[in-house]
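J.: Take a look at this one; I'll ask things after.
Coordinate-derived values only; no laboratory data. These numbers were taken from a predicted model, which means no experiment stands behind them. When we count neighbours, we look across all protein chains shown, and the Cβ atoms used for this are built from the backbone with ideal geometry, even at glycine.
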Amino acid sequence: MDEMTRKERVIAALGHEPVDRVPTDYWGVPEITAKLMSHLGAKDDIDFADRLGIDKVMVVDPPLASGRQNMWDITYKKVPLAGGYGYYDEPVFFPIGDCKTIDEIEEAYEWPRPDMYDYSAVGEQCERYRDFAIEGGYTSLTYHYTMIRGIEQMMVDFIDNPELARYILMKIQEFCYEHSRRILEAGDGRIDYTQMTDDLGSQTGLLMGPAMVDEYLKDYYDQTISMIHSYGSRAFHHDDGAMTAIMPWLMERDIDILNPLQWHLPGWDLKEMKALYGGRLCFHGGIDNQHVLPFGTVEEVRGEVKACLDALFHDRTGYILAPCHNIQAITPVENVIAMYEAAREYS
């Protein structure tokens with residue numbers, strides 16, 4: 001097979017067509033990205049992809065046009081990581097965390113609106129990344145809920161105050177649907193996938209049962225994924241943890257891409273997942289960043305790559321190799337480079 005361009009390679013994998021070698025993507029926290037860029041001598045994100053030898057899916061995102069500090073007006077604090085490796089921005093104030101009623105929320109909080117964003121920038125971003133596959137648009141109902149109310153309060157709401165929970169989810173969906181739709185509109189057919197995503201898994205199993213997921217999320221998933229498909233884009237579903245019990249439900253929702261594949265957790269079997277869903281799903285991720293990437297040897301990283309390729313790439317399509325979530329700051333540079341070198345060699 002002739003050598004493909006990075007864009008051709010990713011799009012072929014998304015469409016379940018054979019590729020010359022496995023496509024590769026990158027997710028990383030700012031500290032490891034800066035360390036890698038310095039090590040490689042990269043001047044920007046495009047140069048970074050070139051020097052690391054990866055395909056990389058580029059993200060387009062309209063900037064805030066208002067004076068609001070961020071999408072949901074959340075106050076964050078930089079919390080230092082152990083060992084001085086960097087920081088995580090953690091919310092320290094939930095805008096509606098103490099509200100008891102819908103009226104209280106309406107009085108205390110200004111919900112984000114699409115007109116707070118400059119969508120004209122999306123076209124310029126797509127042009128800059130014309131040689132790459134492109135991601136744009138993001139909906140995560142439960143993640144946004146936890147950011148403005150707190151994860152414990154969300155769980156309490158779902159059980160004890162379903163009327164309030166449905167109102168909050170409706171308001172989140174109202175904004176995210178239109179925000180993503182306008183991004184797709186501005187992308188004018190150049191956006192290859194859009195996230196419709198929620199972290200439904202923990203380290204040991206689901207955070208909530210399938211019946212509760214169906215009750216609160218089904219209609220919104222169906223609405224958003226239908227809209228994504230109407231623009232010729234694909235629905236990318238990111239779902240951390242031991243979440244395989246919800247796979248039949250997700251397949252009913254017609255997702256196209258599954259990430260991040262934390263296959264060392266309970267319930268996971270990559271070969272079984274490929275056999276069951278590989279005809280419809282493109283898999284994205286798989287390389288463990290809880291243990292192997294940060295703490296393993298170079299040879300263990302290479303073994304992890306080979307295991308993922310053997311399970312998910314034996315038909316030479318339908319898999320984009322990447323870390324399973326953001327590479328952490330503690331990760332050795334040589335392990336990251338080994339991951340991508342092994343991907344090229346083995347595939």
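J.: Show me the ranking of peptides 143-152, 283-292 by mean Cβ neighbours inside 10 Å, starting with the highest.
T.: 283-292, 143-152
J.: Let me ask something additional. Using θ = phi - 60° and the Karplus curve 6.51 cos²θ - 1.76 cosθ + 1.60, what whole-Hz ³J(HN,Hα) does each residue of the stretch 82-94 get, with Gly and Pro shown as x?
T.: 4, x, x, 7, x, 9, 10, 7, 10, x, 10, 8, 8
J.: May I ask for the net charge around K78, where only other residues with Cβ less than 15 Å from the Cβ of K78 are counted and Lys, Arg are +1 while Asp, Glu are -1?
T.: Once positives and negatives cancel, what remains is -2.
J.: Under 12 Å from the Cβ of E304, count the other residues' Cβ atoms, weight Lys and Arg +1, Asp and Glu -1, and hand me the total. The partial results should precede the final answer.
T.: Working: positive: R302, K306; negative: D288, E299, E300, D310.
The answer is -2.
J.: Hey, in the GNM for the chain with a 10 angstrom Cα cutoff, which one of G41, G67, G187 fluctuates hardest?
T.: Looking only at G41, G67, G187, the largest GNM fluctuation is found for G67.
J.: Also, quick follow-up: Using each residue's phi in the stretch 149-163, evaluate 6.51 cos²θ - 1.76 cosθ + 1.60 at θ = phi - 60° and report the 3J(HN,Hα) Karplus result to the nearest Hz, with x for Gly and Pro.
T.: Whole-Hz 3J(HN,Hα) from phi for the stretch 149-163: 9, x, 5, 5, 5, 4, 4, 5, 4, 4, 8, 9, 9, x, 5.
J.: Would you mind classifying the stretch 114-174 by shape? Square roots of the alpha carbon gyration tensor eigenvalues, ordered a ≥ b ≥ c; an a/c under 1.5 is rounded, otherwise it is prolate if a/b is larger than b/c and oblate if not. Present the calculation step by step, with values, prior to reporting the outcome.
T.: Working: a/c = 4.11, a/b = 2.73, b/c = 1.50.
Note, shape of the stretch 114-174 comes out prolate.
J.: Another question, then. So what's the gap between the Cα centers of the stretch 88-112 and the stretch 120-184, to the nearest angstrom?
T.: 16 Å
J.: In this model, which of K218/K271; K7/K43; K274/K306 are farther than 24 Å apart at the alpha-carbon? Present the calculation step by step, with values, prior to reporting the outcome.
T.: On the way: K218/K271 28 Å; K7/K43 21 Å; K274/K306 15 Å.
Checking Cα-Cα distances, K218/K271 exceed 24 Å.
J.: I would also like to ask the following. For a quick size check, give me the Cα extents of the chain along its three principal axes, largest first, whole Å.
T.: Principal-axis extents of the chain (Cα, largest first): 60, 46, 41 Å.
J.: Quickly rank 221-230, 53-62, 189-198 as a protection proxy: mean count of other C-beta atoms within 10 Å, highest first.
T.: Details: 221-230: 17.9, 53-62: 20.5, 189-198: 23.3.
The packing order, highest mean first, is 189-198, 53-62, 221-230.
J.: Starting with the highest mean, order 93-100, 166-173, 239-246 by the number of other Cβ atoms within 10 Å, averaged over the residues of each peptide. Please list the in-between numbers first.
T.: On the way: 93-100: 15.2, 166-173: 18.5, 239-246: 20.4.
Descending packing order for the listed peptides: 239-246, 166-173, 93-100.
J.: What does the charge count near E135 come to, summing +1 for each Lys or Arg and -1 for each Asp or Glu among other residues with Cβ under 10 Å from its Cβ?
T.: Details: positive: R234; negative: D25, D61, D192.
Combined, the nearby Lys, Arg, Asp and Glu give -2.
J.: With θ taken as phi - 60° and the coefficients 6.51, -1.76 and 1.60, list the Karplus ³J(HN,Hα) couplings across the stretch 267-272 in order, rounded to whole Hz; mark glycine and proline as x.
T.: x, 8, 8, 4, 5, 5
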